[in-house]
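The values are calculated or read from the model by the stated rules, or taken from the named source; none is laboratory data. Being a predicted model, the structure only gives us computed values, none of them experimental. All Cβ positions, glycine included, derive from the backbone under ideal geometry; neighbour counts span all protein chains shown.
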Amino acid sequence: MLLVPADPLRATRPDPHFAPEAAAAREAGHPVAVVDHDALARGEADRAVAKAPAGEDVVYRGWMLRSEHYAAFAEALGRRGAVLRTSPDQYRTAHELPGWYDDFKDLTPESAWTDGFDRDGFERARERLGAGPAVLRDFTKSVKHHWHEAAYIPDLADADASWAVARRFTELRDDDATGGFVLRRFEPFTSAEVRTWWVDGACALVGPHPDTPDDVVDAPDVTAIGPLVRRLRFVTVDLARRADGAWRVVELGDGQVSDRPRTTAPETMIRIIEQARFPLVTDGYSDVMGIDDKFDAKADELKGKVKETTGRATDDRDLEAEGRGDQVKGNLKQAAEKVKDAFRK
């Protein structure tokens with residue numbers, strides 16, 4: 001079963017951000033239910049899952065949750081006989097940098113972190129990392145869109161200037177600040193980030209990062225990552241190319257709360273969750289095996305149905321018409337494949 005956040009204004013419907021994935025899951029024959037994300041974030045897990053069917057194997061696709069709220073979420077579902085496919089320990093390991101850093105320390109920028117957000121702890125972390133530029137974040141997130149005021153530290157040797165960035169970071173993150181400060185050695189990157197999706201240690205998708213959904217770059221070599229994420233059920237690993245050509249791990253996250261780029265079809269995400277047997281999906285990246293023609297045809301049909309459904313629900317006639325066109329295209333492709341099959345016999 002797929003669980004998604006409820007629409008805050010229409011509690012029985014999926015949140016609009018996750019509605020396309022919910023529609024794709026239903027089209028693929030999977031049950032879908034909604035949870036009250038605001039209740040989860042308030043620590044009211046039993047209330048949040050009140051509409052979830054009992055006795056189901058559950059995958060969540062929704063907004064980010066604190067690790068303690070995810071653990072309460074799992075416990076509340078457990079009381080209803082439902083089991084989250086990703087355990088609370090697996091979620092925390094992927095969601096918080098200290099959980100995954102040691103395994104990835106040779107593949108990711110050097111880091112030091114604190115327990116909490118006080119200046120004494122920050123000074124100890126600053127001294128451990130030493131002089132030079134750094135990037136600041138907390139256990140789960142940066143504020144990179146406020147780069148110069150709350151993310152980038154030009155030189156850790158300047159204690160007061162470094163603390164000014166940290167202070168601004170805590171002001172912007174406010175109650176969302178998680179765990180403690182994390183200082184990451186700055187490394188110059190020459191590419192946009194690439195988001196890779198992993199299921200049980202196998203790479204299921206190589207695609208763009210949600211911040212740059214239209215970018216297409218060469219696919220990174222991900223062979224070293226598989227063994228490091230094998231014990232985690234469903235995760236994302238974001239990579240970028242360093243100035244010397246090396247691909248570096250920028251972030252690891254739990255796949256349930258990792259955003260899907262708008263250029264990645266919702267049915268592709270459902271396929272990943274299903275742990276499908278199809279080859280690696282590349283979303284246009286070079287030098288990686290793609291989906292076969294029959295799946296492409298079916299994907300067009302499913303994508304069209306999702307667009308048509310979403311367009312009808314939002315009164316977007318253009319989207320509804322585009323969806324019908326995609327379905328026609330998919331049906332024609334499938335018909336052509338059947339003709340090919342007939343001639344092969």
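Quick one: is residue 180 surrounded by 15 or more Cβ atoms within 10 Å (Cβ to Cβ), under 23 Å from the mean Cα position of the chain (by Cα) and not charged (D, E, K, R)?
Spelling it out, residue 180 is indeed surrounded by 15 or more Cβ atoms within 10 Å (Cβ to Cβ), under 23 Å from the mean Cα position of the chain (by Cα) and not charged (D, E, K, R).
With the requirement that a residue be at positive phi and either touching a Leu at 6+ places or on another chain (Cβ under 6 Å) or in a loop (DSSP other than H, G, I, E, B) (or both), what does segment 114-135 give you?
Within segment 114-135, 130, 132 meet the criteria.
Considering every residue within segment 160-176, establish whether at least one is out of contact with any Phe, Trp or Tyr (no Cβ under 9 Å at 6 or more places or on another chain), surrounded by fewer than 19 Cβ atoms within 10 Å (Cβ to Cβ), aromatic (Phe, Trp, Tyr) and not in a loop (DSSP other than H, G, I, E, B).
Looking for residues that are out of contact with any Phe, Trp or Tyr (no Cβ under 9 Å at 6 or more places or on another chain), surrounded by fewer than 19 Cβ atoms within 10 Å (Cβ to Cβ), aromatic (Phe, Trp, Tyr) and not in a loop (DSSP other than H, G, I, E, B), one finds none in segment 160-176, hence no.
Of everything in segment 179-223 that's of a type in the set (Val, Ile, Thr) and not in a strand (DSSP E or B), which residue is farthest from residue 244 (Cα to Cα)?
Selected residue: 212.
Determine whether residue 112 is among the hydrophobic types (A, V, I, L, M, F, W, C), at pLDDT 95 or above, within 19 Å of residue 259 (Cα to Cα) and within 26 Å of the chain's Cα centre (by Cα).
Spelling it out, it is not the case that residue 112 is among the hydrophobic types (A, V, I, L, M, F, W, C), at pLDDT 95 or above, within 19 Å of residue 259 (Cα to Cα) and within 26 Å of the chain's Cα centre (by Cα).
Given the residues 84, 97, 107, which is the only one that is within 21 Å of the chain's Cα centre (by Cα), among the aliphatic types (A, V, I, L, M) and within 30 Å of residue 50 (Cα to Cα)?
Testing whether each residue is within 21 Å of the chain's Cα centre (by Cα), among the aliphatic types (A, V, I, L, M) and within 30 Å of residue 50 (Cα to Cα) leaves just 84.
Could you check, for segment 136-151, whether at least one of its residues is assigned to a loop (DSSP other than H, G, I, E, B), small (Gly, Ala, Ser) and out of contact with any Leu (no Cβ under 9 Å at 6 or more places or on another chain)?
no
How do the strands (runs of 3 or more DSSP E) wholly within segment 18-113 filter down when requiring 2 or more residues that are over 19 Å from residue 199 (Cα atoms): which remain?
32-35, 111-113
Any residue in segment 9-33 that is free of Cβ contacts under 8 Å to residues at least 40 places away in the same chain and within 16 Å of residue 62 (Cβ to Cβ) sitting within a Cβ distance under 9 Å of a residue that is in a helix (DSSP H, G or I) and among the charged types (D, E, K, R)? List the pairs, counting only those 6 or more apart or interchain.
Final answer for the pair search is 14/21; 32/21; 32/26.
Being aliphatic (A, V, I, L, M), surrounded by fewer than 22 Cβ atoms within 10 Å (Cβ to Cβ) and within 17 Å of residue 270 (Cβ to Cβ) is the filter here; which residues of segment 185-204 pass it?
199, 202 - these are the residues of segment 185-204 that are aliphatic (A, V, I, L, M), surrounded by fewer than 22 Cβ atoms within 10 Å (Cβ to Cβ) and within 17 Å of residue 270 (Cβ to Cβ).
Which of the helices (runs of 4 or more DSSP H) found entirely inside segment 231-345 contain at least 1 residues meeting this: crowded, with 20+ Cβ neighbours inside 10 Å, over 22 Å from the mean Cα position of the chain (by Cα) and at pLDDT below 60?
293-314
Taking segment 67-88 as the search range and keeping residues that are in contact with a Gly (Cβ under 9 Å, 6 or more places away or on another chain) and of a type in the set (D, E, K, R), which one is surrounded by the fewest Cβ atoms within 10 Å (Cβ to Cβ)?
Ranking the qualifying residues of segment 67-88, first place goes to 68.
Can you name the condition, by its number, that residue 37 falls short on among (1) crowded, with 17+ Cβ neighbours inside 10 Å; (2) touching a strand residue (DSSP E or B) at 6+ places or on another chain (Cβ under 9 Å); (3) closer than 26 Å to residue 200 by Cβ?
(3)
Is it true that some residue in segment 130-149 is over 14 Å from residue 184 (Cα atoms), of a type in the set (A, V, I, L, M, F, W, C) and at pLDDT 95 or above?
Among the residues of segment 130-149, not one is over 14 Å from residue 184 (Cα atoms), of a type in the set (A, V, I, L, M, F, W, C) and at pLDDT 95 or above, which makes the answer no.
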